[in-house]
Amino acid sequence: MSKLFLSVLSFLLLFGLSFAAHGGSWQQGQCQISRIDAREPSIRVRAEAGVTEIWDFNNDEFQCAGVSIHRHRIQAKGLMLPAYHNAPVLAYIVQGRGINGVLISGCPETFESSQQFSKEEGERTQRFRDKHQKIGHFRQGDIIAIPAGAAHWSYNDGDEELIVVVLQDNSNQANQLDQTPRSFFVAGNPARSQQQYGQQGQGKSGNVFRGFDVQTLVDVFGVDEETARKIQGENDERGHLIKVERGLQVIRPPFSGEEEYGRRDAANGLEETICTAKNRENLDDPSRADVYNPSAGRFSTVNSLTLPILSYLRLSAARGVLYRNAIFSPHWVVNAHSIIYATRGGARVQIVNHKGQAVFDGQVQEGQVVVVPQNFAVVKQAGEQGFEWVAFNTNDNAMINTLSGRTSAFRGLPASVIENAYQISSEEALRLKNWRQETLIFSGRRSSQTGRVATA
Amino acid sequence: MSKLFLSVLSFLLLFGLSFAAHGGSWQQGQCQISRIDAREPSIRVRAEAGVTEIWDFNNDEFQCAGVSIHRHRIQAKGLMLPAYHNAPVLAYIVQGRGINGVLISGCPETFESSQQFSKEEGERTQRFRDKHQKIGHFRQGDIIAIPAGAAHWSYNDGDEELIVVVLQDNSNQANQLDQTPRSFFVAGNPARSQQQYGQQGQGKSGNVFRGFDVQTLVDVFGVDEETARKIQGENDERGHLIKVERGLQVIRPPFSGEEEYGRRDAANGLEETICTAKNRENLDDPSRADVYNPSAGRFSTVNSLTLPILSYLRLSAARGVLYRNAIFSPHWVVNAHSIIYATRGGARVQIVNHKGQAVFDGQVQEGQVVVVPQNFAVVKQAGEQGFEWVAFNTNDNAMINTLSGRTSAFRGLPASVIENAYQISSEEALRLKNWRQETLIFSGRRSSQTGRVATA
Amino acid sequence: MSKLFLSVLSFLLLFGLSFAAHGGSWQQGQCQISRIDAREPSIRVRAEAGVTEIWDFNNDEFQCAGVSIHRHRIQAKGLMLPAYHNAPVLAYIVQGRGINGVLISGCPETFESSQQFSKEEGERTQRFRDKHQKIGHFRQGDIIAIPAGAAHWSYNDGDEELIVVVLQDNSNQANQLDQTPRSFFVAGNPARSQQQYGQQGQGKSGNVFRGFDVQTLVDVFGVDEETARKIQGENDERGHLIKVERGLQVIRPPFSGEEEYGRRDAANGLEETICTAKNRENLDDPSRADVYNPSAGRFSTVNSLTLPILSYLRLSAARGVLYRNAIFSPHWVVNAHSIIYATRGGARVQIVNHKGQAVFDGQVQEGQVVVVPQNFAVVKQAGEQGFEWVAFNTNDNAMINTLSGRTSAFRGLPASVIENAYQISSEEALRLKNWRQETLIFSGRRSSQTGRVATA
C-alpha cells in the first residue's frame, strides 16, 4: 500500500530537482509570460485519509509570481499531520468543516480541562488530563492564515469531505532560503514513493525526527528505542493524511462559527501578536460583502485592516460571486499578483499584458487556477451558471484600479483627456466616463443598466 | 508616418528580449562594475507631439542598480497619454511647465465645476459639466513622485518645450515581477514599429484595451463597436505623445507655484495617504537649499521627511549646483545607488570601487547620466561653466558620508588614528582633519579657503 | 614583506571572480543544501599587527544563507584601519578588549578635551587639542553591531591578543548591489598580493583614495602632493592591521564595562538614532541569561527589543553554554538562518532538512562554524568538555520553535494528535509530551531528569 502513497513532500522534491534545470530562463531577470493557462492540479498524492492535489509550480506564471498552490481532500475523521512550511500560507475552505491548531513555541497551553475526562481505549477506560495550545474551528468560506515556520495540524470533524485550497507565497520576505516550497513534517512518514527512491537514490526520508539519531531521541524524550523509532515513523504507511478511527479527542470550546478571542497573558512583541492573534475570517457570508450589486453579484475582501495577522504575512484574499452573465470590471491590481481559484461555475477571463496582448482569453471552470500577474489588466464575464472564486493576493492590502465603473481611473480623467486620447467627441467622452454607474460588479446586459449620459 | 513612431513600449520590448540573453552575467550573483560611463540616450521614440529618449538599460551599471531612465520632450499643447508602470517613478522637470493627474481607483473626483462652462467644438458651442480627480501644476525644478501601478497623464500647458527626465526603480519592492521596465498604456497606440513586428512577429500590440475582445468593451462601456475600436486605438498613428490642437480643457485651480493641499474625505489606510498625498516638490529654489556656500554652490534634497510619499516609494532625490571650479566633497552614499543626470554645465567626476580603482574618471556634460553604485566613493569637480545636476537615490532617506569637510568621517576620527593610518606627523594629521571648514560644497581654489591649522 | 600581506580585500576579490563561475547553481532558484560541514577558515591574511582568517563564502551553505564570516586576530597595540562594508555586520569579541569608533557623517564630535594634553613624539613634546566622534570600549563577550556603509576602526588596548569573529549579512536589504562582500578601506594599503596582480593584471588597488587623482586630493585636503600620496597609501606595506608602537592617543571616558549613553543634540530621523544609538551588548555575563538550567547550561539572546539598533540591521545574536553532556533542545528557527561559531569545547550537532535527512551529523569544535538554514531542525549535544557558542541570526528577532521541552510545539499538541500521529498509546503520548520539564537546555543524563509522567 505504501507504494501508492506519494506524499506532497516527495513530489515537491522531484519538482525541486527538475526546477533547477528548467526554471533558469525566468530567473535571469525576466518573466516571459507570453501565455497563461487555466491550470488544474497535475499530481495526486494519496494517503490513508484523503488525497492532496498539487499544481505544477514549474509553470511560468507560478514561478514568476513566486507562489505554489495545492488542494487537500480530507475524509471525515481524517487528520493532516502537523507540519510547517518555509513560506506563509493562506488556506481557503472550499467545503466542509474542521478543527486545527497552530503551534508556536512559548505560547501558553490555554486549552485545558479542569476536570478529568474519560476516553475509551480498547477494553479499558482511562482517565487523564491534557492541556494544549489554542484550537480553532473552521468551516466553508474561511480564509486561514499560517505564518512561515509555524507548525499546524488540521482535522476533519464533519461528515463530508473537507476540501482546502492552499496558496504558499514562496517569494515572500519571510522565506530567506529559495523559492522551492518546503514542507517539514514533525510526525508520520509523508514521503515514501518509488519515484523518490529512483530520483534520489537514498531511500531515507520522512519527518524531521527521521534525520536525528535514535539514541538522541531516546535521550531527548526519555523514551525507549522502540518509541523513538515510532517517532521517526519509518514504517508508517499511512502518508500525511491519517484516519482517526474513533475520532480525535481534544479540549475545545463549543463551535459558534465566530469565536471570541479574549486577551491572554502573553510575552512581549511578536509572540504576543502571534499567540493570541486571530488567524481566520469567513468570506462567504453575503452580509459581509464589501461590494454588493443585487443584480450582478458581490465581492468580499480580507486584508491587514480586517485581519491584522496578514500584515505580518504580507498576503490578502478576496471572494467574488458573479451572477449569470455578470461582469467583473476590467481592472489591474496595483501592488500584487492575484492567484484565482474558481470555486463554482465558470467565466470567460481575459488577461492582458503591457503590450496590449491577451496572454489569456479563455474559460475558467470550477477547480481551476489562473494567475493574474501584478499590473496585468483582467476582465471576468460569468457564464450561464454564474461564477464564484477566491483570489489570493501577494500583498496584505491589495489595491484594485478599475478601468470602468463609478470609482474607475476613467472617472478620474478629465473628459477632455478622454476625448483627445481616444479621438472621440466630447459627448462620447462623457458617456464613456459616466455610463457605468456600478462600481466593480456589473450586470451583463445593457437593458439592466441604470446608466445615464451626463451631457446636457 | 506610423513607421516613424517607435514608442517607448516597443523599444522596451526589444530590450526585454535581448536582455534575457545578455543580462545573465550580473544576475548570477555579482555585479562586475569594472567600468562606468557617462551615458546618453541611445533610442529616440518619436510621437506626434514630441519624442522620448531612452537610456539602454542593458548597460551593467543600470542593471546592477536595477533602474532605467528616460527623458520626454513634449511640445506645447502636447499630452502624454495616461499610463502606469510596474515600478515607482521619480520625474524631474528639466524645463517648462504643465499639468498632470495621477489616477487612483476609489479616490474621489474632487475637481468639479459648480457652473456650466462652454467649450468650442468645431462650429458649435457645447455646454457640459465635468468632474475629475485632482490635477496638479508642475514647473521647472519639480520632483514628481508616482507610485508603481498608478496611472498618470501629463500635459504641456506652457509655451516652450517641456523636458522631463524620469527614473524608474525596477528593483523596488513595489515591483513583484522582474526588473524589466513595463509601461501599461490605457489609451492610444504607443507601440507601432517595424522593429517590433519583426522581432515579435505578432503585429498586435497597443494599449491594454487592445487585448480585450471588442464585444467585451461594448458590454462594459455601453458603447457601439466603432467607439470600442477607438478605445483600442488600433488605427491611431499619433504615438504616446499627442497634440491637443485647441488646448486641453480641465478644471483646475489657479497656479501659484506652491499648491495648498487641504484635507479631504478619504477612505481609510493607504488610500487616504495616496488620494490626498502631496507628490511634488520644487528643488530649484535657491532659498530652499540644505547646504549653501556662497562661493561654491548649493545642495537641496527631498526625502521622506520632507515629502512623505517617498517613504512609500523608497526613493529620494537631490539637486546640486557647483559654481566654476567648485568641488563636491568626496563621499559615498551609505544606503542607496545614486543616478546622476547633468542639467547644465560639466564636471570631472571620479568614481572609485572597493578595490580603490577608478571605475569612472571623466567629464559629465549636460544631458548625460552617470550611475554611482551604493558605497562607491565619488568626487565631482565643476568645470569652467559650473555644473548642475539632479540625483535620484534608491532609498527614501539617502545618507551621504563625506571623506572631507566639516562633517566628514575624517573629522570623526581621532587625530592619532589618522597619524598612524597615513604615516604622517600628528601636525599633518590635524591639518588633514581640520583644514576644510566647508561641509559638502568646496570652493576649488586654495586661495579662497578659510582653512586654518588647529595645531598650537 | 609586502608580498606576505594578503589583505582581506584581495582575497575577497579573488573569491568574487571565482564566485561568478562557481556560484551559479544555487542562484537559479534553488539551494541544494545536501551537505553542511563544520568549517574552518581557509584563508589567512597577514598584516603587521595580526591576521584575518576568512571562511570561504563559496560554500553552498554560506551562499544560500547569503552571509560571509571572518575572524580577526589583532595583537596588542594593533589598529584595524577604518573601513566600511556593503552589508551590516555583527561582531563578537571572542577574547580581549579594545576601543572602537563608528564614523557617521553629520554626527557631532562629542568626545573633546577642554584641556590641552601632551603627546610624546620622538624627541619633542607637542601640545594640541583634538575632538572626535564617540569612542566605545569593548571586551570579551560583546556583540557589536555595525550598519552597512558605516566606517569603523578598532584598536586593541589590552595586553592579550584580541580575537573578533565577524558575520556579514550580504543578502540583507541594506545591501542593494549583490551578495559579494565588499570592504572599502579609507586608509592604508589593504590589497597588495601577487595573487591579485596575477588575477587582475592591473596592479592598482588599495584604499578608496587610491582611485582618486592625486591633484584632486591636493585640492580637496589642501595638502602637498607627498601627503596626498601618503593618503593613497601606495607604498604602505603594513596591511590592514597596523602596529601603533607608542599606543593610540584618544579622548575617552573611563572604562566601566557598561557605558552610559546620554542624550545629545542630534539631527532628526535616522541620524539621531544612529549618532547616539547603543551598538554593543555583552552576552557573556551569566546573570544576564534568558534561559538558565543550573545542571545543564544557559542561553542569552540579544535582539531588537534589547538592542534597538538591531531592528535597523535586521540581525540578532545568541550565546549558548552547555555543560558536560547537556543537550540543546531539538528545534528550528522560524524566521532566520543561524550561523553558529563555537567558542569553546565541542558538541555533536545534527541538522535535518525538510526531507527528514541529516545534512550534518558531526562534531563542532572550538573555532569552527556551522550554518543552520532557516527552518532546518537541529539538536546539539555537548561533549565531555561542554560546549559554548555564539549564534548570529539573520532576523532582528529570531524565533525558536522547540521540538521537546516545556515550551515546545509538542506541548501545544493535543495528546490525541500525538497518539494517532505516532501510533503510540495515549499513555505514551502524554509521557512524550510532558516528560521533559526543562525548556531549552536539557541535562544529558536521564538520572538527572526531574521528569514525571502525567498519567493517573
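How would B:109, C:281 line up from fewest to most surrounding beta-carbon atoms within 10 angstrom? Walk me through the intermediate numbers first.
Working: B:109 18, C:281 22.
Going from least to most buried by this count: B:109, C:281.
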(request) Provide the per-residue ³J(HN,Hα) series for the stretch B:84-90, in order, calculated from phi with Karplus coefficients 6.51, -1.76, 1.60 and θ = phi - 60°, each as a whole number of Hz, with x at glycine and proline positions. (result) 10, 10, 7, 8, x, 9, 10
(request) Work through the residues other than residue C:31 whose Cβ is under 13 Å from its Cβ and net out their charges, Lys, Arg +1 and Asp, Glu -1. (result) -1
(message) What does the structure give for C:354-366 when I average, per residue, the other chain Cβ atoms found within 10 Å of the residue Cβ?
(response) 6
(request) Could you line up C:428, B:384 from fewest to most neighbouring Cβ atoms inside 10 Å? (result) B:384, C:428
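Given contacts defined as C-alpha pairs under 8 Å and at least six residues apart, what's the relative contact order of the stretch C:321-418, whole-number percent? Numbers along the way, then the final one.
Numbers: 237 pairs, mean separation 40.2, N = 98.
For the stretch C:321-418, the relative contact order is 41 percent.
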(request) Starting from the amide H of residue C:383, placed 1.01 Å from N in the peptide plane, find each other amide H under 5 Å away whose residue is 5 or more places distant or on another chain. (result) C:325, C:346, C:347, C:348
(request) Distance from a point 7 Å along Cα→Cβ of residue B:243 to each backbone N in the stretch B:66-98: keep the residues under 15 Å and list them by number. (result) B:74-80
(request) Give A:131/C:380; A:433/B:243; A:278/A:380; C:230/C:278; A:433/B:278 a once-over and call out the pairs whose C-alpha atoms are over 23 Å from each other. (result) A:131/C:380; A:278/A:380; C:230/C:278; A:433/B:278
(message) Taking a point 7 Å out from Cα toward Cβ as the label site, list the nm distances between residue B:437 and the same residue in every other copy, smallest first.
(response) 7.4, 7.4
(message) Label position 7 Å from Cα toward Cβ: report the copy-to-copy distances for residue B:32 in nm, one decimal, ordered from shortest.
(response) 2.3, 2.3
(request) Rank these for me by crowding, B:396, A:284, A:213, going from fewest to most other beta carbons within 10 Å. (result) A:213, A:284, B:396
(request) Just add up the charged neighbours of residue C:354: K/R +1, D/E -1, any other residue whose Cβ is under 13 Å from the Cβ of residue C:354. (result) +2
(request) Mind listing the long-range amide H neighbours of residue C:376? Cut-off is under 5 Å, sequence gap 5 or more, other chains count too, H placed in the peptide plane at 1.01 Å from N. (result) C:333
(message) Going by amide H atoms built from the backbone, whose H comes under 5 Å of the H on residue A:413, apart from near neighbours?
(response) B:133
(message) If each label sits 7 angstrom from Cα along the C-beta direction, how far apart, in nm, is residue A:253 from its counterparts in the other copies?
(response) 5.0, 5.0
(message) For the stretch B:27-75 and the stretch B:407-426, what is the centre-to-centre distance using only Cα atoms, to the nearest Å?
(response) 40 Å
(request) Find, among the trypsin sites (Lys or Arg not before Pro) in the stretch B:38-89, those assigned to loop by DSSP (not H, G, I, E, B) with at most 15 other beta-carbon atoms within 10 angstrom. (result) none
(request) Give me the net charge of residue C:291's neighbourhood, meaning all other residues with Cβ under 12 Å from the Cβ of residue C:291; Lys, Arg count +1, Asp, Glu -1. (result) +2
(message) Please list 3J(HN,Hα) in residue order for the stretch C:96-103, calculated via the Karplus relation 6.51 cos²θ - 1.76 cosθ + 1.60 where θ = phi - 60°; whole Hz, with x for glycine and proline.
(response) x, 8, x, 10, 8, x, 10, 9
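Every number here is computed from the coordinates shown, using simple stated rules; none is lab data. Predicted model only: the values in this text are computed from it and were never measured. Cβ atoms come from the backbone with ideal geometry, glycine included; neighbour counts cover every protein chain shown.
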